[in-house]
Amino acid sequence: MRSLWFRILIILVIIGAVPAYLATAVLVRSYRDRAVSVREMSVKNQCVMLCDLLSSERYLEKIDSVAVNSQLALLSKIYNGRIFIVDSDFRVIKDTYDLDTGKTSVSKDVVNCFTTGKGSSTYDGRNAYIILTFPIEDSETREVTGVMLAAVSTNEVEQNAQLLETRGRIVIILVTVLVVVLGFLLSRFLVRPFHRVTKAIEDVTDGYEDEAVSVPDYIETVQITTAFNQMLTRVRSVDNSRQDFVSNVSHELKTPLTSMKVLADSINAMEDVPVELYREFMQDITHEIDRENRIIADLTSMVHLDRKAAKLDIERTEIGGLLEVIIKRLRPIAQKRDIQLILDNPEEVYAEVDGGKLSLAFSNLIENAVKYNVDHGWVRTALTADTKFFYVTVTDCGLGIPLDQQEHIFERFYRGDKSHSTTIEGTGLGLAIARSAISLHRGAIRVASKENEGTTFQVRIPLTVEV
Amino acid sequence: MFNKHCRKLNRHKAGRRPSASLCQKHGSICRKTASLLILSLVLLLVGCDNQGKTDAANGSVIFCLDEDGESLEKEPLSLTATTTIVQIDEILDTFQNQVPTDPHQKLLPDSLSVISRSLEDQLLSINFSKEYLQMSTPREVLVRCGIVRTLVQLDGVQKVSFFVDGEPLTDSRDRKIGFMTAETFIENSGREINNYRSATISLFYASEDGNRLRRESRLIYYPSSQPFEWAIVERIINGPKVQGNYPSVPANTQIISASTSEGICYINLGAQFASEMPGVNPRVSIYSIVNTLIEDLGVDSVQISIAGENDVLYCGAIPLNQPFTADMSLVEN
Ligand SMILES: Nc1ncnc2c1ncn2[C@@H]1O[C@H](COP(=O)(O)OP(=O)(O)OP(=O)(O)O)[C@@H](O)[C@H]1O
Ligand SMILES: [Mg+2]
């Protein structure tokens, strides 16, 4: 019942059959009205003329006027009607059916005509007759001296109307049948492209078909297939990136293990190894374990951030304080290479944010700025705010990022120039984590950098997060 | 009393047009009732009065005017009196003090009063005060119709005539109105237009000398509820329209029944038919009916009976025990 073709069928039937039904009803009705009024008018005209003749012939005084009698008989015959002539004593002096002559008429129509001096006409559709009354006026005094009452049968009109009705009904039935049949075929035909869309999508789902779906019959089907194809592309790229990710992860996880194995093997292969050498090798192995741990920690936090429905622990937080804690933690590492950490926050900025996730992002940025810096360099972290957003800018005077790498640095596992990656440790997850945390807050991150001069990361985050 | 009762029954029959067999049954009921009544005069009186009372109780009506004063409306009437004359007085009283239900109006004008009334042989005469003449014609006609129709419902009243200040009521041309019955008035003129049939028929009437039949063709209309045979015989009784033709049967003849079965038309006429028609040959009377019916209906023969009896001699000469076939030799050409 909810099928489109069924609805199209119903709509076609309604717009096909209902007008036919209405048209018939209106036609029959207007025929009936028209025919009755035509009949009424023509009888009226004849009767008015006859009334004049009656008064000029003084028919009410002696009823043997041949002219009037023959006219009356004719009129009665033509219109299948009955005419009464009632004199001022309400006595029926002429009845064309010759049944009630001499009787006294107390009919309401007659009484009304005498009292008002005006004719009337009454149509009774159910019993199929029209009653018309006409005052017969004295040609000189204009006094009502009698009444002519004409009863005209409208049986004929009724019969014709019924005939029309029957024919109309047949037409309605034919139209309905035709519309149902045509509507059935047409609606089936109209929805066929949609079935084709379904079929094509099913083929893709079942794996028979790898190509993009194409059903160009309607704009609508084109829209559906285009949307579907976009989704398909997206799903495929997601799938690809997942594969990349898995291979990257396994590679990254394997690297420290390989180093550990090499270290362990080489120390096993040696004989009479001094304790100092053991200790040194063990220290290297511990270092590799730390590295492995860090990679796993990074991966875990990234998976947490990446999940679609990652929940934000929104709290009112003072951002300056948050940055201060991060810088305090990084200061020992910076001091080793004599890098100066500057925090520039002229005012307190309160925002409703998930402090834990944001500090992850900011610490990654500042950590990078330290890591990819030159000895004796500096890192400036600035905090500003307007009515809607607050801004955190991390600037360094370090190595900088070549332009062609800038678009890739936020990708997972991407690491810059091969030269640093060997000297500077890292997994390439830091910026990916930062970006995830920032976009969860509906914020934005931008990078500006020049090689060997320095890098600036600018972060913009709304003061309140609308969920 | 017995006669009156029988006549009453006949009137019922005429009104209801029963079939021949039904009528014979009625005849026997009439006779049975009569013998019963003769056996006990007291019982008869009680019975008659009871009948009158139940009639009055069951659906008797009194007329009043509608809200526009242009037509008559019915209202229920209940009578406490048991004899006709007291019932009449009661009705006339009710008319003068009528309080119809809203929005109907009282039938009589307040000023009008009844001076006297007399009932003689079921003919009622009512004498009104002078104010009667002050009514407008439409009002007067409605008043007349309302009073007559109310009074003739009583068993003991057949016809009513009006007097004003002792003088018989006349119309605007000084013609006497005379006795009136319910049939004197027609209410729904023309409203039954679709319930009539028409036919062009030949009718046979008497010639001037009363020895021959003369043909007269006419277009007639009759109610579709009325048998065609009845309508034809009625036209014969009502007499000719063409000059030179003369009535062939008594004008007051009643038709009791008229029907056709298996090619024979059965006509049952009232006793008035048997009375002598001066100057008309009895054969002409019989054959005016027979020839007319055979020619118009296409039946083979006609069986005439008088008051249900056909074992009689019509005018002492013509036996009615056999169906008649047409005799066209009587017709003038
Ligand atoms: N401040 C910066 N100056 C110069 N290069 C940078 C800076 N920040 C990031 N990069 C480049 O972007 C790359 C990706 O940085 P990201 O933080 O994602 O990875 P990582 O620092 O190498 O490893 P880790 O996961 O340990 O942070 C880096 O390898 C580096 O080449
Ligand atoms: Mg990093």
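The values are calculated or read from the model by the stated rules, or taken from the named source; none is laboratory data. Keep in mind that this is a model prediction, so the values were computed, not measured. When we count neighbours, we look across all protein chains shown, and the Cβ atoms used for this are built from the backbone with ideal geometry, even at glycine. The protein model used for the area step is the full one, side chains on, heavy atoms only, and it has no ligands, DNA or RNA in it. Shrake-Rupley method; radii C 1.70, N 1.55, O 1.52, S 1.80 Å.
With a requirement of 1 or more residues that are more than 14 Å from chain B (Cβ to nearest Cβ), open to solvent by less than 40 Å² (accessible area, probe 1.4 Å) and within 16 Å of ligand 1 (Cβ to nearest atom), the strands (runs of 3 or more DSSP E) lying completely within region A:305-378 that satisfy it span A:340-344. Here B:Ser259 passes the criteria (1) open to solvent by less than 50 Å² (accessible area, probe 1.4 Å); (2) closer than 30 Å to A:Arg82 by Cα; (3) out of contact with any Cys (no Cβ under 8 Å at 6 or more places or on another chain) except the one numbered (3). Can you pull out the residues in region A:391-405 that are open to solvent by less than 40 Å² (accessible area, probe 1.4 Å) and either closer than 21 Å to A:Ile461 by Cβ or under 41 Å from the mean Cα position of the chain (by Cα) (or both)? Passing the criteria: A:Val392, A:Thr393, A:Val394, A:Thr395, A:Asp396. Could you say which residue among A:Ile424, A:Ile445 is more than 12 Å from ligand 2 (Cβ to nearest atom) and in contact with a helix residue (DSSP H, G or I) (Cβ under 9 Å, 6 or more places away or on another chain)? The unique qualifying residue is A:Ile445.
If you go through region B:185-235 and keep only what is within 13 Å of chain A (Cβ to nearest Cβ), in a helix (DSSP H, G or I) and not hydrophobic (A, V, I, L, M, F, W, C), you end up with B:Asn194, B:Asn195, B:Glu234, B:Arg235.
Applying the condition of being more than 12 Å from chain B (Cβ to nearest Cβ) and buried (at least 17 other Cβ atoms within 10 Å of the Cβ) to region A:133-156 and asking which residue is nearest to B:Gly190 (Cα to Cα) yields A:Phe134. Note on region A:74-131: enclosed strands (runs of 3 or more DSSP E) holding 1 or more residues that are open to solvent by 10 Å² or more (accessible area, probe 1.4 Å) and farther than 15 Å from B:Ile186 by Cα are A:120-124. Tallying residues that are among the basic types (Lys, Arg) and within 22 Å of A:Glu165 (Cβ to Cβ) within region A:1-37 yields 3.
The residue pairs whose first member lies in region B:299-318 and is over 22 Å from B:Ile232 (Cα atoms), whose second member is outside any loop (DSSP other than H, G, I, E, B) and among the charged types (D, E, K, R), and whose beta carbons are closer than 7 Å, counting only pairs six or more residues apart or on different chains, are B:Ile318/B:Arg283. Answer yes or no as to whether A:Ile130 is within 12 Å of another protein chain (Cβ to nearest Cβ) and among the β-branched types (Val, Ile, Thr). So A:Ile130 fits the description; yes.
Every residue, every condition in (1) farther than 30 Å from A:Ile14 by Cα; (2) surrounded by 13 or more Cβ atoms within 10 Å (Cβ to Cβ); (3) in the same structural domain as A:Ala361 (by TED's automatic domain parsing), yes or no:
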{"site": "A:Phe184", "(1), (2), (3)": "no, yes, no"}
{"site": "A:Thr198", "(1), (2), (3)": "no, no, no"}
{"site": "A:Val235", "(1), (2), (3)": "yes, no, no"}
{"site": "A:Val246", "(1), (2), (3)": "yes, no, no"}
{"site": "A:Thr255", "(1), (2), (3)": "yes, yes, no"}
{"site": "A:Ser259", "(1), (2), (3)": "yes, yes, no"}
{"site": "A:Val275", "(1), (2), (3)": "yes, no, no"}
{"site": "A:Gln283", "(1), (2), (3)": "yes, no, no"}
{"site": "A:Asn293", "(1), (2), (3)": "yes, no, no"}
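Annotation note: of B:Gly239, B:Gly190, the sole residue that is within 30 Å of B:Glu120 (Cβ to Cβ) and either open to solvent by less than 20 Å² (accessible area, probe 1.4 Å) or in contact with a helix residue (DSSP H, G or I) (Cβ under 7 Å, 6 or more places away or on another chain) (or both) is B:Gly239.
Which residue is farthest from the chain's Cα centre (by Cα), if the candidates are limited to region A:82-97 and must be at the interface with chain B (Cβ under 7 Å from one of its Cβ atoms) and either over 23 Å from B:Asp174 (Cα atoms) or in contact (Cβ under 8 Å) with a residue 24 or more places away in the chain (or both)? Here the answer is A:Ser88. Every listed requirement among (1) surrounded by 19 or more Cβ atoms within 10 Å (Cβ to Cβ); (2) away from chain A (no Cβ under 14 Å); (3) in contact with a Ser or Thr (Cβ under 8 Å, 6 or more places away or on another chain) is met by B:Leu108 save one, (3).
All conditions but one from (1) at pLDDT below 95; (2) buried (at least 18 other Cβ atoms within 10 Å of the Cβ); (3) over 20 Å from A:Ser436 (Cα atoms) apply to A:Lys388; the one that does not is (2).
The set of residues from region B:149-183 being assigned to a strand (DSSP E or B) and free of Cβ contacts under 8 Å to residues at least 24 places away in the same chain comprises B:Glu167, B:Pro168, B:Thr170, B:Lys176. Within region A:379-414, the set of residues being over 14 Å from A:Leu365 (Cα atoms), within 9 Å of ligand 1 (Cβ to nearest atom) and in contact with a helix residue (DSSP H, G or I) (Cβ under 9 Å, 6 or more places away or on another chain) comprises A:Leu399, A:Glu411, A:Arg412, A:Phe413, A:Tyr414.
Count of region A:429-458 residues, restricted to those that are within 11 Å of ligand 1 (Cβ to nearest atom), open to solvent by 40 Å² or more (accessible area, probe 1.4 Å) and in a helix (DSSP H, G or I), is 1. The residues in region B:122-155 that are of a type in the set (A, V, I, L, M), over 14 Å from B:Ile88 (Cβ atoms) and open to solvent by 10 Å² or more (accessible area, probe 1.4 Å) can be counted, and the count is 2.
Scoring A:Phe413 on the criteria (1) within 16 Å of ligand 2 (Cβ to nearest atom); (2) out of contact with any Gly (no Cβ under 9 Å at 6 or more places or on another chain); (3) farther than 17 Å from A:Ile445 by Cβ leaves a single failure, condition (2). In this structure, does B:Thr84 turn out to be away from chain A (no Cβ under 14 Å), in contact with a strand residue (DSSP E or B) (Cβ under 8 Å, 6 or more places away or on another chain) and within 24 Å of B:Asn188 (Cα to Cα)? It is false that B:Thr84 is away from chain A (no Cβ under 14 Å), in contact with a strand residue (DSSP E or B) (Cβ under 8 Å, 6 or more places away or on another chain) and within 24 Å of B:Asn188 (Cα to Cα).
On the stretch given as region B:198-217, residues that are at pLDDT 90 or above and surrounded by fewer than 16 Cβ atoms within 10 Å (Cβ to Cβ) total 7.
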